[in-house]
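First the structure, in the form of structure tokens, and then the observations on it.
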């Protein structure tokens, strides 16, 4: 499936999508006076404006989904490069693919680290609490800037899948197809428990300073690293951890017997935690955690039914058998609820060893094949033409 | 099974089991000049000295397994009261039951908070790293003090099961039966990962002070609370969390949408973390974590075979189907390894909703029934007589 060099050199652009006399009103009723969005696009919008695919990213993602930035290592492309590009499932020879950093993010879109125009200082925890719905509104506003009124597909894994789901519920007339991968329509008590522990790790860090650590000498890095380590345990399957690390000792044959990192799995988690703090903001982690905890799109079934039963959106719900964060059970319940509301749903569980992170992998081939066939069908319905004759 | 008031009022006693010219030499080669042990006993040692049962406790346990201390709330007996007492599975009308706090503990037995005779100050992290083997040696020394040379059974859940296993491998001639419940002979990468995160939570706490926080104004309570919260997630099953808490909001009908505790499951974890720091020492948590991480009793199969194949110990290996910390797979592997080494093993998986914590519950009845029948068989072999005619 992967062919050639993908989309090549790309750049992240920015657009102010709410400002001045047009602030963003949030689902909670609060408002944000100005919202800027960081985004990337790959491929070209066709004359019909019918070939747009929006990539919704997960908790720690960003707008840089494919290709490389000028000067970057060509072997380290964007986070979902294996699915985007000429001849790939999201085929940029015929599709116009957009990815944007979410509202509340820390990769160029307005979030807690941004300057609050009212005070001239970073928002910190004064940034309003946001919901998946609000992330969708910001992306819709970006699409209007880009001249796109309708999506061929909204595609996302994990929190990205939650966005694709909410988008299709709130604006079914704007989404031909929603590919909801390794996601959940409702966190379980166990999911919320993990989220709570990660939040405590950050908020109890003495350098958290109530969220006002920007510009200070010390940030809540230990707390954020710990939160990330906890997250990582839930992203990998027990099986993949066993295969990758087992009980092997790092750089040695025999245990050193001590409190320092000794086992390989400890070293791996430690590295994941440390490298994360260099690229992520603790406040954004808190906001995204709460975005997921409170997500409950089927809360008002009458509303959902009235939206979904119009039949404007086709759904692809994908799960991975080794994902214990958002297991197949989550996906199956979501598929049932969508069908119950009158939706057309393709549900598939893919066998993959990679746990929750499976959505980021190109293997097993069945995964990308399923996405490709879903996208191809949507493209066919819009007369976009098949692969190779875009 | 539970009848009457159990063993009634009990007290914790102490015995110095190593001191002076008889220090404890650890498996690592290091030594401890003095070891004191906190213990309790229930029932009477018979004339044959053949009716002793040793209870090995888990990570956060202590010597107070049954009954109540003078002045205590009768509704809050020792941690395993439901299995110990007249007419209970460990029937004190005919058995002499002993429970002791482990070496490295913080409930009366010598541990990191104890005074190092060499310096006159608490050991802190200068306490030597210990192994399951060392915990067993200290308990054996206590038994000698009590005039017990042989156990009818060593019984324990989780880390307690690991001790019962190690005891039977190292001294099969001293253990008629080992009941190894909700335990593992070898932590998986995922187990070690959780342990690593808990350790980091404690050691990164700024008040940890390299383990020398004793007598200071601030202790690493936030770090220890966090470690306990992480642990608790792994002690409950996803199903029991769903049933107990679901997505319910604490003390309210609708979410408050904020970063404070909002969901019931958050409130529960928070409470567990807070109450734990009042009764537990962070250094002990670190030592016990490492005791489990490094546990690998089958590392030398030739040794294990030569010990087990003598056939002196009968094994009961019990697992619970909802335990995902030490799942049935752990128990099954352990049972196979024991059988492979020539051991006589009864293996049983019990269906229970309580996750890893199932070993502390009296239900489902099949659990205690299985333990009872194992103990009764051992007692019969020693001519201890059946229930009711002790």
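The values are calculated or read from the model by the stated rules, or taken from the named source; none is laboratory data. What you see is a predicted model; the values in this text were computed from it and never measured. In this analysis, Cβ positions are derived from the backbone assuming ideal geometry, glycine residues included, and neighbour counts consider all displayed protein chains.
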Are any residues in the range B:200-231 within 8 Å of another protein chain (Cβ to nearest Cβ) and surrounded by fewer than 23 Cβ atoms within 10 Å (Cβ to Cβ), and if so, which ones? B:203, B:204, B:206
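Just name the residue that is surrounded by the most Cβ atoms within 10 Å (Cβ to Cβ) out of those in the range A:250-267 that are farther than 20 Å from residue B:124 by Cα and within 7 Å of chain B (Cβ to nearest Cβ). So that I can check it myself, show each step before the final result.
If we filter the range A:250-267 for residues that are farther than 20 Å from residue B:124 by Cα, which is where we start, we get A:250-255, A:262-267.
Now restrict to residues that are within 7 Å of chain B (Cβ to nearest Cβ): A:255, A:263, A:265-266.
On the way: A:255: 15, A:263: 23, A:265: 28, A:266: 24.
Once the filter is applied, the top-ranked residue is A:265.
For (1) surrounded by 24 or more Cβ atoms within 10 Å (Cβ to Cβ); (2) part of a strand (DSSP E or B), each residue gets a yes or a no:
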{"position": "A:105", "(1), (2)": "yes, no"}
{"position": "A:108", "(1), (2)": "no, no"}
{"position": "A:125", "(1), (2)": "no, no"}
{"position": "A:141", "(1), (2)": "no, no"}
{"position": "A:160", "(1), (2)": "yes, no"}
{"position": "A:163", "(1), (2)": "yes, no"}
{"position": "A:167", "(1), (2)": "yes, no"}
{"position": "A:177", "(1), (2)": "yes, yes"}
Filter the range A:107-165 down to the residues that are free of Cβ contacts under 8 Å to residues at least 40 places away in the same chain and under 20 Å from the mean Cα position of the chain (by Cα), then identify the one that is nearest to residue A:281 (Cα to Cα). A:136
So in the range B:268-295, with the set limited to residues that are free of Cβ contacts under 8 Å to residues at least 12 places away in the same chain and outside any loop (DSSP other than H, G, I, E, B), which one is farthest from the other protein chains (Cβ to nearest Cβ)? B:275
Here are some conditions: (1) touching a residue at least 24 places away in the same chain (Cβ under 8 Å); (2) surrounded by fewer than 16 Cβ atoms within 10 Å (Cβ to Cβ); (3) not assigned by TED's automatic domain parsing to the domain that holds residue A:107. Residue A:309 meets all but one. Which one does it not meet? (3)
Residues that are within 21 Å of residue B:287 (Cβ to Cβ): list the helices (runs of 4 or more DSSP H) wholly contained in the range B:189-247 that include at least 1 such residues. B:189-203, B:221-235
